Structures are given as structure tokens and as C-alpha cells.
Amino acid sequence: MTTTRHGLSYAGAPSVSSVASVPSPVIVPMRPQKSNLELLYDASPGVVMPIALKRDDYPDPKFWQESMWSEWSQREVERGTFTSGVEGAGVNSSWMEDTSGNRVNLDKQRRILDAARKTWSAIRNGRVSFGIYSNTPADTLDYFRARMEMMFLELRLCADHWKTDQLWIENFSSWAKSPQRRAEKASTF
């Protein structure tokens, strides 16, 4: 395309010159990039925080509040009820109860723990920041809570996600330190 430009000649008479037009730059608004956590949610579209359960609808579980379990477990430790080192018989996961208020059987506990490990692996593979419970960002914990509580009603039988948080507190460090996990870390660098 040619543009005609009028200007003054040397003698004061107007002159005409031909100049090629330069297209003006197109400004495209930038789309904000999604965070790794948002991408993780996109990769698992069914993960949403379930609606909190009401205590009145589930009267049998004993440990709706974390303090109830803490007090109970202290008494049971003193009475010698727990057997340390025996899977499913120790104090760990004694808070995990079904809708009838009974301790979740060992097979179900294993499935819950396996799902937690897979969730931690998904978080790690999504390059989302996490670590021990106290150092993990709240939005990452919310992803873990949502995913785990969608799969297991037992983890929802409480107030304020404390059972899902307890699952993280009791088991994350052993997952992070496992020989398989160390091998995975070495192969990613």
C-alpha cells in the first residue's frame, strides 16, 4: 500500500512523495498463566471440595472434633489399649472411623493411605509446592482434602477437615523418605 504524503518543496510549492505504509503493531492482551495447582485441578476435573457433613446426620462417630480423639487416645494409651508396631493396632489412624463409629478396618485404611500416596505423587508431578503439613500452602492442602474426601466418606466424618489433615501429618514424612520416593527424586534431576 502506498500513502501519499504532502509536503513543502524547496521552492515553497507543495510536493507529493510516495511512502510505504508500516503496519501498526497489534496489541494482544496477555492471558494470565495458570499456576501449577490450577493445572493440577484442570487435570483432575472431578476434584471439588465436598459439602461438609452435619454432625446431627452422623451421630455415631465419636471423634467429630480433634480434641475428642486426643482425649480418648490419651486415656487408651494409659490403659495399654494400643499395640505399637502392629499395623492397624497402634494409635495412628485410630481416629479413622466409619459411620457407625467403629475403627476403619485395616484393608480400608490401606486403600486410604494408598490414595494419599497417589495424591502426593500427583501434587509432586504437577510441580506444586508442598512438604510437611506445617510448611504446605493452604491451597495445596485444600486440593489434598478435596481429592481425599471425595473418595472416602470416613475422612469427612469430622469438623474442619481435621481427619484428612491428620492423615497428612501421620503419613507424609514416611512417604517422602521412602526408598522408592528417594529413587524418584534422583531420577528427576
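The residue that is surrounded by the fewest Cβ atoms within 10 Å (Cβ to Cβ), among those in segment 72-113 that are within 17 Å of ILE169 (Cα to Cα) and among the small types (Gly, Ala, Ser), is GLY90. Within segment 5-43, the set of residues being modelled with pLDDT of 85 or more and either exposed (fewer than 10 other Cβ atoms within 10 Å of the Cβ) or in a loop (DSSP other than H, G, I, E, B) (or both) comprises GLN33, LYS34, SER35. In segment 161-186, the residue that is surrounded by the fewest Cβ atoms within 10 Å (Cβ to Cβ) out of those that are at pLDDT below 95 and of a type in the set (Lys, Arg) is LYS177.
Within segment 137-150, work out how many residues are surrounded by fewer than 18 Cβ atoms within 10 Å (Cβ to Cβ) and out of contact with any Gly (no Cβ under 8 Å at 6 or more places or on another chain).
Quick first cut of segment 137-150, residues surrounded by fewer than 18 Cβ atoms within 10 Å (Cβ to Cβ) only: 137-139, 141-142, 150.
Applying the additional criterion that residues be out of contact with any Gly (no Cβ under 8 Å at 6 or more places or on another chain) yields 137-139, 141-142.
Number of matching residues: 5.
The values are calculated or read from the model by the stated rules, or taken from the named source; none is laboratory data. What you are looking at is a predicted structure, and each value in this text was computed from that prediction instead of being measured. Note: ideal-geometry Cβ built from the backbone for every residue, glycine included; neighbour counts use all protein chains shown.
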